[in-house]
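> Below is the structure I would like to discuss, written out as structure tokens.
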Amino acid sequence: DPRLYPRPAIEDIELGYRLTRTGHRIILARDVLATHLKRWSLVEMVRTDIFRRGVPWMLLIKRSGTVETDLNVKPTQQICVAFTGLILLAVVTLPWNSWAAVVAVLGSVVIVWLNRDFYRFLGRCRGPGFALAALPLHLVYFTCCGLSVLFALFQWHIVNRVTFEGSAGAACRKRVDQGAGPIPQPFLARVARRLARWTTRSR
């Protein structure tokens with residue numbers, strides 16, 4: 001629906017949710033692979049992962065009440081996000097805490113173990129050195145996932161909710177009262193609205 005996603009975001013996922021809510025089945029052909037013909041910079045990848053994918057998807061899950069267990073919301077991936085946060089905290093406290101390095105290393109080991117099939121795949125394709133070098137970028141990805149959740153929950157609880165209305169899957173944006181009282185500071189409102197605009201901002 002262009003009223004929900006005027007810019008490319010997660011409109012395919014939202015369409016899938018609407019189809020399944022009306023009783024239709026979607027059969028996923030997992031053996032079909034495709035490649036996006038697009039040049040990615042690290043900055044653009046991070047911005048897209050957070051503001052065009054992570055935040056809109058989390059808001060979609062909240063307003064639809066869907067419990068997502070597929071794609072990138074599996075329990076193991078949630079654990080990886082938590083351990084990535086622990087690693088970042090350990091790195092920040094490293095100058096004052098000698099045990100922080102141990103925590104960071106152990107956290108990295110846990111993430112590699114939970115994603116061992118992925119790293120085996122990288123090792124088979126490009127060698128063990130490439131697989132090891134991919135770990136920092138993998139941590140960036142999990143950091144994006146964690147920030148997406150935080151930004152989406154901030155927007156959901158403090159500013160507004162987006163709800164579906166009408167028939168035949170028509171959707172529109174609507175502010176609804178959360179019963180949480182007024183926003184404590186105008187600054188928070190401005191920040192949250194800016195985050196909301198980033199979810200539909202063009203390149």
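> Between V92 and T22, what FRET efficiency follows from the Cβ-Cβ distance if R0 is 45 Å, with the result rounded to 0.05?
Step by step, r from the Cβ atoms, then E = 0.45.
> Using the Karplus curve 6.51 cos²θ - 1.76 cosθ + 1.60 with θ = phi - 60°, what ³J(HN,Hα) values do you get for each residue of the stretch 110-120, in whole Hz, with x for Gly and Pro?
4, 5, 4, 5, 5, 10, 4, 5, 5, 6, 4
> Sorted by packing (mean other beta-carbon atoms within 10 Å per residue), highest first, where do 46-56, 8-18, 29-39 land?
46-56, 8-18, 29-39
> Quick one: order C80, C144, C125 by neighbouring beta-carbon count within 10 Å, fewest to most.
Least crowded to most crowded, the residues run C125, C144, C80.
> Neighbour counts of other C-beta atoms within 10 Å: give me V102, V140, V81 arranged from fewest to most.
Exposure proxy ranking, most exposed first: V102, V140, V81.
Bear in mind these aren't lab numbers, they're just calculated from the coordinates by the rules spelled out. Remember, predicted model here, so these are calculated numbers, not experimental data. Cβ coordinates were reconstructed from backbone atoms using ideal geometry, including for glycine residues, and neighbour counts include every protein chain displayed.
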